[in-house]
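Enquirer: Mind looking over this structure? Questions follow.
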Amino acid sequence: MIITPAEPHDVAKLLAFREEAAAWLRTMGSDQWSRPYPADKLLATIEAGTVFMLRDGHTTAGTITLTPNAEEGLWTDDELTEPSLFVNKLTVTREYAGQDLGGRLLDWASNRARGAGAQWLRLDAWTTNEGLQRYYLAHGFTHVRTVREGVAVNGGPRVSGWLAQRAARLADHGFTDRTPTPEKLRFAA
């Protein structure tokens, strides 16, 4: 499998991934990702070079967004002085479920974070999705805290405030990486 940067023509596929994931989550009693994601915001993240696609031949098996920008109101000022990359929108299609591709994408993200000079690979997860939280803990993340106050970036109530991190480190993900070398992080120390 090959990991590549997403391209503008991937927007429809990424929106479909999100809808598929939301439908699957509903069968498990979760309302995660139940609100539609704006295509223009998704296109902006693609154009910023932060969205990556996992491809198996002509089929896209998964996606991950990896950004140096934290969602406002989640991490403390002190934490934000530590060089970090943030995982968002990790999704594996149901067709590829059960192969730990998500874990391998996290390992790829950890490599990329280390290559960018990050100390941490961080994420926020849905506060009520305990299964997802256990998944991240099983993949080497440590729970930092849960933030329930405030308003999310999209103006709705804060629903994704379970914060976790793991050290940015080299890990064997097994993918062919066709992404550009990550830019070194600039941060305030």
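Enquirer: I need the peptides 104-110, 161-167, 171-177, 124-130 ranked by packing, meaning the mean over residues of other C-beta atoms within 10 angstrom, with the highest value on top.
Expert: 104-110, 161-167, 124-130, 171-177
Enquirer: Would you please give the residues with an amide H less than 5 Å from that of Ala168, counting only those at least 5 places away or on a separate chain, with H modeled from the backbone geometry?
Expert: Distant-sequence amide H within range of Ala168: Trp120, Leu121.
Enquirer: Also: What length, rounded to one decimal in nm, is gained on full extension from Asp100 through to Arg134, with 0.36 nm per residue of separation minus their alpha-carbon distance?
Expert: Full extension from Asp100 to Arg134 adds 10.8 nm.
Enquirer: Report ³J(HN,Hα) in whole Hz for each residue of segment 65-79, in order, from the Karplus equation J = 6.51 cos²θ - 1.76 cosθ + 1.60 where θ = phi - 60°; Gly and Pro get x.
Expert: Each residue of segment 65-79 in turn: 10, 9, 9, x, 9, 7, 5, 4, x, 9, 9, 6, 4, 4, 5 Hz.
Enquirer: While we're on this one: Based on the Cβ-Cβ distance from Ile2 to Thr146, what FRET efficiency comes out when R0 is 41 Å, to the nearest 0.05?
Expert: The formula returns an efficiency of 0.70 here.
Enquirer: At what distance in angstrom do the alpha carbon centres of segment 94-120 and segment 124-146 lie from each other?
Expert: 15 Å
Just so you know, all these numbers are worked out from the coordinates, no wet-lab data involved. Since we're looking at a predicted model, the values are computed, not measured. Counting neighbours? That spans all protein chains shown, and the Cβs are built from the backbone with ideal geometry, glycine included.
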